[in-house]
Amino acid sequence: MSKSKEKACPSAATLRQAGEKVTEQTAFSSDNDHTTPGGCGQRLLLVLLHGAANAIPGRELVKLLGLHNLRELTKEISRARRAGAPICASCSGERGYYLADDPAELEHYARSLDRRLAEVRATRAAVGDTLRRMNGQEEMRWNDAD
């Protein structure tokens, strides 16, 4: 697969569909305060589309939801996930956020998180080893055979 296809932007139809969902929700809601529970979080779930093929980039979601930056978006996504929303992030192909279509899609995302956790743990262990060496500390390892 070519690099241009791997980094393809979401289709105009995908973004238009998400934008229409935001417009519809705004028309029916007088609560435009993103800081109140249920404000932005509920709109986030209405804007996200189902399936990895419909992933919406974070920067586009920030614009659609009227947020200030990506950090606000990631906080909203974390809150929604902890409340049980099946929000996935695609890191290959069409990068962005989407709702899982089925349990298999959510399981695939959970496995990608597990791989990331393993990488972070390995990096943390290496940094800890380096810090001990820099401080002149040696770690004693006992041989179980003794």
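The values are calculated or read from the model by the stated rules, or taken from the named source; none is laboratory data. Every value quoted in this text rests on a predicted model; they were computed, and no experiment measured them. Don't worry about glycine lacking a Cβ; one is built from the backbone with ideal geometry, like all the others, and counts go over all protein chains shown.
Out of the residues in region 94-146 meeting the condition of being touching a helix residue (DSSP H, G or I) at 6+ places or on another chain (Cβ under 8 Å) and farther than 30 Å from Pro57 by Cβ, tell me which one is modelled with the highest pLDDT.
Glu138
Tell me whether region 98-118 contains one or more residues that are assigned to a strand (DSSP E or B) and under 16 Å from the mean Cα position of the chain (by Cα).
Within region 98-118, the first condition is being assigned to a strand (DSSP E or B), and the residues that meet it are 98-99.
After this cut, where a residue has to be under 16 Å from the mean Cα position of the chain (by Cα) as well, the list is 98-99.
Yes; the residues of region 98-118 include at least one that is assigned to a strand (DSSP E or B) and under 16 Å from the mean Cα position of the chain (by Cα).
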